[in-house]
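The values are calculated or read from the model by the stated rules, or taken from the named source; none is laboratory data. Treat the numbers as computed from the prediction; the structure is a model and nothing was measured. Cβ atoms come from the backbone with ideal geometry, glycine included; neighbour counts cover every protein chain shown.
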């Protein structure tokens, strides 16, 4: 599962951390950005910790490449629009989720919870052998 957003500093990091935490190693998770930031938004790590989700301390924004997309069975985009490459044979999902960059912490918590609701739906849709 590949999560993609523009800067790979918020939404895609949320989704990757939440899915990795909830799938407990049964799903391979990665994230990338079309224009990666220098670092993950600090408030993203904070609200993940509040929810009991370990934000990978080694997490950092990574560039979206064709190779990363080709390695994923499912590509989930969150705000990168037409900049995301489309590779035949991949399942694509798009979650319209607000960008947490510069948002007040209460809004960032709401974004986290919205992404977590999408993660629940995603887990329910995966074959039982995947999770």
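Here are the numbers for the structure shown:
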read-out: Filtered residues of region 21-38 (kept if without any contact (Cβ under 8 Å) to a residue 60 or more places away in the chain and either closer than 22 Å to residue 113 by Cα or surrounded by 15 or more Cβ atoms within 10 Å (Cβ to Cβ) (or both)); value: 21, 24, 25, 28, 29, 30, 31, 32, 33, 34, 36, 37
read-out: Residue that is farthest from the chain's Cα centre (by Cα) [pool: residues in region 39-55 that are in contact (Cβ under 8 Å) with a residue 40 or more places away in the chain and surrounded by fewer than 19 Cβ atoms within 10 Å (Cβ to Cβ)]; value: 50
read-out: Some residue of region 30-45 being closer than 19 Å to residue 120 by Cβ and touching a strand residue (DSSP E or B) at 6+ places or on another chain (Cβ under 8 Å); value: yes
read-out: Condition check for residue 10: at positive phi and surrounded by 20 or more Cβ atoms within 10 Å (Cβ to Cβ); value: no
read-out: Region 108-131, residues that are at pLDDT 95 or above and surrounded by 15 or more Cβ atoms within 10 Å (Cβ to Cβ); value: 108, 109, 110, 111, 112, 114, 115, 116, 118, 119
read-out: The lone exception for residue 76 - which of (1) in contact (Cβ under 8 Å) with a residue 40 or more places away in the chain; (2) farther than 18 Å from residue 126 by Cβ; (3) touching a strand residue (DSSP E or B) at 6+ places or on another chain (Cβ under 7 Å) it fails; value: (2)
